[in-house]
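Q: Questions regarding the structure given below will be posed in turn.
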Amino acid sequence: MGIPDENEYDVRYTTPKDHPYLQKWMEMEENRLWYPVSSDKDVENMSKNWVGFYKYGASLTATYKGEVAGIATLFLMPYRKVIHHCLLYFIVNPEMTGQGVGTSIVKNITHLGKSYFRFEWINAEVWEGCPALPILEKLGYVEVTKQEKYIKKKDGTYLARHVMQVNLLEDSDGK
Amino acid sequence: MGSKPDVTFRPTDKKDLTLFAEWLLQPGVLVGFPMMDRREVEDAVRLWTHYIDKGLSITALYKKKPVGAANLYLHEVEKMAHQSLFVVILDEKYRGKGIGTLLLKEIVKLGLKRGLEILHLEVYDKNPAVRLYKRLGFKEYGRHARYLKDAEGNYYDKILMQMEIQ
């Protein structure tokens, strides 16, 4: 499915005003499972840290009919030996999932990572069974590591962590 | 290695942080770490304060002198609190005496005491400690190619290992 009315859809840089949307979506049980958060306090901490990357121009917000529809952010690395790559997180308004917003913002943020930040590759971490996985695969992200039992659910079962990566270098062997 | 080295352990004191920075800044050591210079090392070491406060850091003493340390980066997020990343650093002058092995065993003990099920670590390509980790039961589960890039443009892979401790 695509965006219902393309003329009403836009992608812009994230601003601090987008934070309440992110926090609200992350607090929802169906989303909370897929991010590194458990309590409301975790959500508050992570969402603040997440939106904070707007200061570096590393975060994009999708809007539909003027409302925030999704956020994709490149978490920049703190040390110079690792500034050639970053970690991607994204989230879609639960009322707009399945309409192409996720694909659009990941495509846009990947382009920003390549053309502006000159990253050599981008990693995205997702848990086993996460609905974001097919979006990443569709856009060329491939699994580089799988860490078993990374997440322990309330029922005592575990989920693996997949690290997905897209290579942004021009030549085929990525060197 | 013969007889057991004269090593004892105690919870890390914040005063030890200066030593950690010194050990990391010994020639050649930073090749195996993401930090590049003193400023980045001091920044990284400062972050350990939080873990020291929570009793998650151990200092090894050789003949009563601090010579190494290990730290558990225990998650506060409940669903990830069963596993932890850890790091070990050792004063270069005291390598090859079996202190690293004892320190690792001590951090496993601390992990068990804190209810951990899994310990994992990140080590960079060509680091001889990989052999020690393997010997103690850690298994490689993945590798991030070209994870570090030094000032000369050389790349180093990040090797990811983990072990179930209970």
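Q: Between residues in region A:154-167 that are more than 14 Å from B:GLN83 (Cβ to Cβ) and residues that are among the aromatic types (Phe, Trp, Tyr) and surrounded by 19 or more Cβ atoms within 10 Å (Cβ to Cβ), which pairs lie under 7 Å by C-beta distance while being six or more apart or on different chains?
A: Listed by first residue and then by second, the contacts come to A:MET164/A:TYR141; A:GLN165/A:TRP121; A:GLN165/A:TYR141; A:VAL166/A:TRP121; A:VAL166/A:TYR141; A:ASN167/A:TRP121.
Q: On to the next question. Loosely packed, with under 15 Cβ neighbours inside 10 Å and outside any helix (DSSP H, G or I), is that true of B:ARG131? Before you say what the answer is, go through the steps one by one.
A: Values: loosely packed, with under 15 Cβ neighbours inside 10 Å: yes; outside any helix (DSSP H, G or I): no.
It is false that B:ARG131 is loosely packed, with under 15 Cβ neighbours inside 10 Å and outside any helix (DSSP H, G or I).
Q: Out of B:LYS158, B:LYS149, B:LYS93, B:LYS139, which single residue is away from chain A (no Cβ under 14 Å) and of a type outside the set (A, V, I, L, M, F, W, C)? Give the steps one after another, and end with the answer.
A: Details: B:LYS158 fails: away from chain A (no Cβ under 14 Å); B:LYS149 fails: away from chain A (no Cβ under 14 Å); B:LYS139 fails: away from chain A (no Cβ under 14 Å).
Going through B:LYS158, B:LYS149, B:LYS93, B:LYS139 in turn, the sole match is B:LYS93.
Q: Another one. Provide a single number: the residues in region B:29-41 that are away from every other protein chain (no Cβ under 12 Å) and either of a type in the set (Gly, Ala, Ser) or more than 16 Å from B:LYS149 (Cα to Cα) (or both). Step through it out loud before you land on a result.
A: Going through region B:29-41, the residues away from every other protein chain (no Cβ under 12 Å) turn out to be B:29, B:38.
Of the ones still in play, those that are also either of a type in the set (Gly, Ala, Ser) or more than 16 Å from B:LYS149 (Cα to Cα) (or both) are B:38.
Going through region B:29-41 one residue at a time, the tally reaches 1.
Q: Among the residues of region A:95-143, which ones are within 14 Å of chain B (Cβ to nearest Cβ), outside any loop (DSSP other than H, G, I, E, B) and either surrounded by fewer than 17 Cβ atoms within 10 Å (Cβ to Cβ) or aromatic (Phe, Trp, Tyr) (or both)?
A: Residues satisfying the conditions are A:TRP121, A:TRP127, A:VAL142, A:GLU143.
Q: Looking only at strands (runs of 3 or more DSSP E) that fall completely inside region B:12-114, which ones have 3 or more residues that are farther than 30 Å from B:GLY153 by Cα?
A: Values: elements: B:57-62, B:65-74, B:83-90.
Correct list: B:57-62, B:65-74.
Q: Another question, if that's okay. With within 14 Å of A:THR15 (Cβ to Cβ) and either out of contact with any Ser or Thr (no Cβ under 9 Å at 6 or more places or on another chain) or of a type in the set (Val, Ile, Thr) (or both) as the only criterion, which of A:ILE105, A:ILE71, A:ILE83, A:ILE91 stands out? First the steps, then the outcome.
A: Values: A:ILE105 fails: within 14 Å of A:THR15 (Cβ to Cβ); A:ILE83 fails: within 14 Å of A:THR15 (Cβ to Cβ); A:ILE91 fails: within 14 Å of A:THR15 (Cβ to Cβ).
On inspection, the qualifying residue turns out to be A:ILE71.
Q: What number of residues within region A:24-48 satisfy the criterion of being crowded, with 17+ Cβ neighbours inside 10 Å and in a helix (DSSP H, G or I)?
A: The qualifying residues number 8.
Condition check ((1) at pLDDT 95 or above; (2) buried (at least 19 other Cβ atoms within 10 Å of the Cβ); (3) more than 15 Å from the chain's Cα centre (by Cα); (4) farther than 30 Å from A:THR157 by Cα) across all residues:
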site	(1), (2), (3), (4)
B:GLN26	no, no, yes, yes
B:ASP43	no, no, yes, yes
B:LEU56	yes, yes, no, no
B:ALA70	yes, yes, no, no
B:ALA81	yes, no, yes, no
B:LEU85	yes, no, no, no
B:LEU116	yes, yes, yes, no
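Q: Further, regarding this structure: Looking at A:TYR64, A:TYR116, A:TYR54, A:TYR150 in this structure, which one is over 11 Å from the mean Cα position of the chain (by Cα) and under 23 Å from B:LYS149 (Cα atoms)?
A: Details: A:TYR64 fails: under 23 Å from B:LYS149 (Cα atoms); A:TYR54 fails: under 23 Å from B:LYS149 (Cα atoms); A:TYR150 fails: under 23 Å from B:LYS149 (Cα atoms).
Result: A:TYR116 is the single residue among A:TYR64, A:TYR116, A:TYR54, A:TYR150 that is over 11 Å from the mean Cα position of the chain (by Cα) and under 23 Å from B:LYS149 (Cα atoms).
Q: Can you tell me which of (1) in contact (Cβ under 8 Å) with a residue 12 or more places away in the chain; (2) within 17 Å of B:GLN166 (Cβ to Cβ); (3) exposed (fewer than 14 other Cβ atoms within 10 Å of the Cβ) is the one B:LEU104 doesn't meet?
A: (3) is the only condition that B:LEU104 fails.
The values are calculated or read from the model by the stated rules, or taken from the named source; none is laboratory data. Since the structure is predicted, the reported quantities are computational estimates derived from the model, not experimental observations. Every residue, glycine as well, gets a Cβ built from its backbone with ideal geometry; the counts of neighbours run over all protein chains shown.
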